[in-house]
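A.B. asks: Okay, handing you the structure first.
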Amino acid sequence: AQTVTQSQPEMSVQEAETVTLSCTYDTSENNYYLFWYKQPPSRQMILVIRQEAYKQQNATENRFSVNFQKAAKSFSLKISDSQLGDTAMYFCARKGGGTSYGKLTFGQGTILTVHP
Amino acid sequence: DTAVSQTPKYLVTQMGNDKSIKCEQNLGHDTMYWYKQDSKKFLKIMFSYNNKELIINETVPNRFSPKSPDKAHLNLHINSLELGDSAVYFCASSPPTGPAGELFFGEGSRLTVL
């Protein structure tokens, strides 16, 4: 099975500090795509950031950046200058081609709490 | 305008009943999905349709039947509801850019089976 693993069920951080959420995955494909989604208490799934596996450069979106280590199959999310609105559940996800075309496989999620 | 909309948002029903959840997207996407989020927040794909054709069916019980009348709609009908069907069901769509396309999710429909 091609799985996605988030080993941190819960994390907390003080406002304005930096936090890193971990994610590892298993795949036999060479070309695939990785995502971080955020699910606040409102339940809406919101895309935070996306990484294409064939790109070596780490993706960044404002305060959000990733550390993509393809050989290690690791895809961690760094949130800088954490804000109260970042409090949410964060899901790492992988999307591949071939027979898994279109299928987004999620990790178990990490609950992030930002404290004032 | 809501990009991916689901109705109803909340549904409470008795075991054995049949219920439907509707989903519509106005993004012009070709591919639509149903995901189930269980009580532990784990998200798992159930079905995927591309241009009204079923492309993914993840060993979901036959009691679950998706229907796609056109590529903007993907409805989920559930027969003979069981307690274990209680969950949040998410509809999503993705653009025709292949695997690179992100999924756009609806707000979810919380189903409670009593």
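A.B. asks: Return yes when A:SER28 is modelled with pLDDT under 95 and away from every other protein chain (no Cβ under 14 Å) and no when it is not. Steps first, answer last, please.
C.D. replies: Numbers: modelled with pLDDT under 95: yes; away from every other protein chain (no Cβ under 14 Å): yes.
When the stated conditions are applied, A:SER28 passes them.
A.B. asks: Go through region B:1-14 and report how many residues are surrounded by 13 or more Cβ atoms within 10 Å (Cβ to Cβ) and assigned to a loop (DSSP other than H, G, I, E, B).
C.D. replies: 3
A.B. asks: Name every residue in region A:9-36 that is touching a residue at least 60 places away in the same chain (Cβ under 8 Å) and assigned to a strand (DSSP E or B), in order of residue number.
C.D. replies: A:GLU10, A:MET11, A:SER12, A:VAL13, A:GLN14, A:VAL19, A:LEU21, A:TYR25, A:TYR32, A:TYR33, A:LEU34, A:PHE35
A.B. asks: For residues that are closer than 21 Å to A:LYS95 by Cβ and more than 14 Å from the chain's Cα centre (by Cα), tally how many sit in region B:40-54.
C.D. replies: 4
A.B. asks: Within region A:45-65, identify whether any single residue is of a type in the set (Gly, Ala, Ser), surrounded by 15 or more Cβ atoms within 10 Å (Cβ to Cβ), over 30 Å from B:SER5 (Cβ atoms) and under 10 Å from the mean Cα position of the chain (by Cα), and answer yes or no.
C.D. replies: yes
A.B. asks: Given the conditions (1) in a strand (DSSP E or B); (2) surrounded by fewer than 20 Cβ atoms within 10 Å (Cβ to Cβ); (3) of a type in the set (A, V, I, L, M), report the number of the one that A:ALA72 does not fulfil.
C.D. replies: (1)
A.B. asks: Would you call A:ALA16 among the hydrophobic types (A, V, I, L, M, F, W, C), touching an Asp or Glu at 6+ places or on another chain (Cβ under 6 Å) and closer than 16 Å to A:THR113 by Cβ?
C.D. replies: In short, yes.
A.B. asks: Can you pull out every residue in region A:13-38 that is over 18 Å from A:ASN67 (Cα atoms) and either buried (at least 21 other Cβ atoms within 10 Å of the Cβ) or in contact with a Leu (Cβ under 8 Å, 6 or more places away or on another chain) (or both)?
C.D. replies: A:VAL13, A:GLU15
A.B. asks: Please go through region B:69-111 and give me each residue that is more than 14 Å from chain A (Cβ to nearest Cβ) and closer than 27 Å to A:LEU47 by Cα, ordered by number.
C.D. replies: Within region B:69-111, B:ASP70, B:ALA72, B:HIS73, B:ASN75, B:LEU76, B:ASP85, B:SER86 qualify.
A.B. asks: What tally of residues in region A:75-86 results from selecting those that are closer than 19 Å to B:PHE105 by Cβ and either modelled with pLDDT under 95 or not in a strand (DSSP E or B) (or both)?
C.D. replies: Here is the first cut: in region A:75-86, the ones closer than 19 Å to B:PHE105 by Cβ are A:77, A:85-86.
Those left that are additionally either modelled with pLDDT under 95 or not in a strand (DSSP E or B) (or both): A:85-86.
The total comes to 2.
The values are calculated or read from the model by the stated rules, or taken from the named source; none is laboratory data. As the structure is a computational prediction, the values presented were derived from the model and not from experiment. Here Cβ is always computed from backbone atoms with ideal geometry, including for glycine, and neighbour counts include all displayed protein chains.
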